Amino acid sequence: MENTDLLVDWSRAQFALTALYHWLFVPLTLGLTFIVAIMETIYVKTGNEWWKKTTKFWMGLLAINFAVGLATGIIMEFEFGTNWSNYSWIVGDIFGAPIAIEGLMAFFMESTFFAIMFFGWEKVSKRMHLTSTWLVALGSNLSALWILVANGWMQHPVGMKFNPDTARNEMDNFAEVFFNPNAVSKFLHTISSGYVLASLFVIAISSWYLIKKRDVLFAKRSILVASSFGLLTSIFLLASGDDSAFNVAQKQPMKLAAMEGLYNGESRAGIIFAGVLDVDKDIGDKKDPFYFSLEIPNALSFLGYHALDAFVPGVDDLVYGNEKHHVESVISKMEKGKIALQALTDYKRFKKEGNMVEAEKSRKLFEKYQSVMGYGYLEKPEDAVPSVPLIFYSFHIMVASGSWFLLLFILTLYFSMTNALADKKWLLWAGLMTLPMGYLAQECGWIVAEAGRQPWAIQDILPVGMATSNISTTSVQITFWLFAVLFTGLLIAEVKIMLTQINIGPKGEH
Amino acid sequence: MKLGKRLWLIILIKLFIIFVLIKVLFFPNHLKTNFKTDSERSAYILEQLTQTEER
């Protein structure tokens, strides 16, 4: 058992490493493509060559990010086949279909038009070039759509039926998979976070130019575009975050409880504005989970259930149950899960023996409880709880950063419009220093989404421990370090090439 | 187009590392490599799902 745990831990670490590195490149592409498209639209509308040169400078940085980040996500697909083969088989075409559409439609569209966008300035007409730039923006966002449809299904599996003969989930309703509320809110929240990051990126680099008192007009105009885009998309990010939290409350209440460090459920539950968790806190010990906390009253009830007096179950309610509020315990779900697994075993045995009557009975019993079959693998109820400190701090770093970004966009836009930005050194430095926070918030968002889903690979159906392949832990350890070296090398290359280009500056174009 | 050439070089080196070295040497598809047919794969996964005590 210890070896299995070690294998699962290393497989998870490797996947997390790949995903987190991949996510350093993706959100910038998602957002910068739109900013570049907006700048080029201004150029085509006004015919002002200055905007063409501005567009080309930011497009150069986009190209660096695109080239270095390209295909880093493919490695996750290799890992599905090697490290997570049980998972890959069980998710079947539900996961395969969106990933295939992403590759065939969105990625190829994005890549084809990227070539025209980057190399075709003097080779195609202005309008064709502008169309290509917008199609790159659309294609990169469509890529994200299909990936997040697949991811949303893991968080809230719908539109499928598990076939006990093939051990695969088969899609029986594409619309249900595509319009899965979890996937929709996740997609909107993710792409808008990319737009915000790209806005921060443009503001940070432009602020540096203003601090250095070089390329002043270029920097001011770039900040004006980025802060307008950032402000609009920040509002959208807030709205989609609210929708995302609402979906989490309905479908993944354990994740919501972990996000807020809520152990004992409450009506009129508040959101922790700031707090430090007690490191000695254990599930069910009834101790106050915080050393100190500042709370916004009723806010969590409203966020999760859109009602100020709604009851929000805590970790203890979800693990041990709460009859008064009709919260089913993990213990009860574990019993049902074990019945489902036994029924699956019986179905297999009866079918092998040719006893189709008993096989059918077992199949029906399995279908009755299959939605919680994953609980049958848990050894103890507390295993259904993710790492509360990791989720709590990641969530709060993300929210606090997002709030600061909104304020930053308001300030930079206001001072840009009043033509006073170049004199506000403190704001320029803040704009520059905020960029790492943007990346940190991105990574924290993914930690909340993915580590908050633990112990599940597929929510309630398949724990990560059952999703792994029986392969050697050593080979996973070797490839973990191989990836760490490869990705770090790519990141260094990206930063180095970008810094060179930024240092050359838009002068090369102006 | 010095930047363009440098980016192409990075892309080609990276694709070689990912698709030739990593995929071929380190990431065989576990089920495709160890089983010949889909029914064998299904049987294996069902066994994995129902024999929890061995994991």
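So is A:V385 under 29 Å from the mean Cα position of the chain (by Cα) and either more than 18 Å from B:Q48 (Cα to Cα) or among the β-branched types (V, I, T) (or both) or not?
Details: under 29 Å from the mean Cα position of the chain (by Cα): yes; either more than 18 Å from B:Q48 (Cα to Cα) or among the β-branched types (V, I, T) (or both): yes.
Yes.
Which residues, taken from the range B:14-41, are more than 19 Å from the chain's Cα centre (by Cα) and either within 16 Å of A:W84 (Cα to Cα) or more than 9 Å from chain A (Cβ to nearest Cβ) (or both)? If you could, list the steps in order and put the result at the bottom.
Pass one, the range B:14-41, residues more than 19 Å from the chain's Cα centre (by Cα): B:39-40.
Scanning the range B:14-41 gives a single hit, B:E40.
For the range A:55-113, what are the residues that are in a loop (DSSP other than H, G, I, E, B), facing another protein chain (nearest Cβ under 10 Å) and under 30 Å from B:L46 (Cα atoms)?
At the first step, the residues of the range A:55-113 found to be in a loop (DSSP other than H, G, I, E, B) are A:70-73, A:83-84.
From what is left, the residues that are facing another protein chain (nearest Cβ under 10 Å) are A:70-72, A:83-84.
Matches in the range A:55-113: A:N83, A:W84.
Which of the residues spanning the range A:183-217 are in a helix (DSSP H, G or I), within 18 Å of A:K424 (Cβ to Cβ) and modelled with pLDDT under 95?
Our first condition is that a residue be in a helix (DSSP H, G or I); within the range A:183-217, this holds for A:183-211, A:216-217.
Imposing the further condition that a residue be within 18 Å of A:K424 (Cβ to Cβ) reduces the set to A:199-200, A:202-211, A:216-217.
The answer is A:V216, A:L217.
Listed residues B:E40, B:E53; which is modelled with pLDDT under 85 and surrounded by fewer than 18 Cβ atoms within 10 Å (Cβ to Cβ)? Let's see the steps before the verdict.
Details: B:E40 fails: modelled with pLDDT under 85.
Going through B:E40, B:E53 in turn, just one is modelled with pLDDT under 85 and surrounded by fewer than 18 Cβ atoms within 10 Å (Cβ to Cβ): B:E53.
Any chance the range A:39-46 includes a residue that's within 14 Å of another protein chain (Cβ to nearest Cβ) and among the aliphatic types (A, V, I, L, M)? Outline the logic, then answer.
Within the range A:39-46, the first condition is being within 14 Å of another protein chain (Cβ to nearest Cβ), and the residues that meet it are none.
No - not one qualifying residue is present in the range A:39-46.
Residues to consider are A:M128, A:M160, A:M105; find the one that is in contact with a helix residue (DSSP H, G or I) (Cβ under 8 Å, 6 or more places away or on another chain) and surrounded by 17 or more Cβ atoms within 10 Å (Cβ to Cβ).
Result of the check over A:M128, A:M160, A:M105: A:M160.
Would you say A:A467 is modelled with pLDDT under 95 and within 21 Å of the chain's Cα centre (by Cα)? Working first, answer last.
Values: modelled with pLDDT under 95: yes; within 21 Å of the chain's Cα centre (by Cα): yes.
Taking the combined requirement at face value, the residue satisfies it.
Take the conditions within 13 Å of chain B (Cβ to nearest Cβ) and farther than 23 Å from B:L25 by Cα and apply them to A:I461. Does it pass?
Working: within 13 Å of chain B (Cβ to nearest Cβ): yes; farther than 23 Å from B:L25 by Cα: yes.
Yes; evaluated as a whole, the condition is true for this residue.
Could you please give the count of residues in the range A:30-72 that are crowded, with 24+ Cβ neighbours inside 10 Å, within 20 Å of the chain's Cα centre (by Cα) and hydroxyl-bearing (S, T, Y)?
Residues in the range A:30-72 being crowded, with 24+ Cβ neighbours inside 10 Å, within 20 Å of the chain's Cα centre (by Cα) and hydroxyl-bearing (S, T, Y): 1 in total.
Quick grid of which residues meet (1) part of a strand (DSSP E or B); (2) closer than 29 Å to A:S192 by Cβ:
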residue	(1), (2)
A:A219	no, yes
A:S234	no, yes
A:F246	no, yes
A:D285	no, no
A:Y291	yes, no
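Can B:L3 be described as farther than 25 Å from A:D5 by Cα, more than 8 Å from every other protein chain (Cβ to nearest Cβ) and of a type outside the set (S, T, Y)? Let's see the steps before the verdict.
Working: farther than 25 Å from A:D5 by Cα: yes; more than 8 Å from every other protein chain (Cβ to nearest Cβ): no; of a type outside the set (S, T, Y): yes.
Against the criterion (farther than 25 Å from A:D5 by Cα, more than 8 Å from every other protein chain (Cβ to nearest Cβ) and of a type outside the set (S, T, Y)), B:L3 does not qualify.
Check whether at least one residue in the range A:265-281 is in a helix (DSSP H, G or I), surrounded by fewer than 24 Cβ atoms within 10 Å (Cβ to Cβ) and not charged (D, E, K, R), and report yes or no. Give the derivation first.
Narrowing the range A:265-281 to residues in a helix (DSSP H, G or I): none.
For the range A:265-281, residues in a helix (DSSP H, G or I), surrounded by fewer than 24 Cβ atoms within 10 Å (Cβ to Cβ) and not charged (D, E, K, R): absent.
Just need a number here: residues in the range A:338-368 that are surrounded by 14 or more Cβ atoms within 10 Å (Cβ to Cβ) and either more than 14 Å from every other protein chain (Cβ to nearest Cβ) or aliphatic (A, V, I, L, M) (or both).
The total comes to 11.
Among residues belonging to the range A:114-131 that are away from chain B (no Cβ under 14 Å) and touching a residue at least 24 places away in the same chain (Cβ under 8 Å), point out the one that is nearest to A:F187 (Cα to Cα). Break it down stepwise before answering.
Quick first cut of the range A:114-131, residues away from chain B (no Cβ under 14 Å) only: A:124-131.
Next, only the ones that are touching a residue at least 24 places away in the same chain (Cβ under 8 Å) stay: A:126-127, A:129-130.
Working: A:K126: 31, A:R127: 29, A:H129: 27, A:L130: 25 Å.
Taking the candidates together, the pick is A:L130.
Hey, does the range A:141-150 have a residue that's of a type outside the set (F, W, Y), within 26 Å of B:Y44 (Cβ to Cβ) and surrounded by 15 or more Cβ atoms within 10 Å (Cβ to Cβ)?
Let us first name the residues in the range A:141-150 that are of a type outside the set (F, W, Y), namely A:141-145, A:147-150.
Among the residues that remain, those that are also within 26 Å of B:Y44 (Cβ to Cβ) are: A:150.
Okay, now just the ones that are also surrounded by 15 or more Cβ atoms within 10 Å (Cβ to Cβ), so A:150.
Checked the range A:141-150: at least one residue is of a type outside the set (F, W, Y), within 26 Å of B:Y44 (Cβ to Cβ) and surrounded by 15 or more Cβ atoms within 10 Å (Cβ to Cβ).
The values are calculated or read from the model by the stated rules, or taken from the named source; none is laboratory data. All values derive from a computational prediction rather than experimental measurement. With ideal geometry, Cβ positions are generated from the backbone for all residues, glycine too; neighbour counts draw on all protein chains shown.
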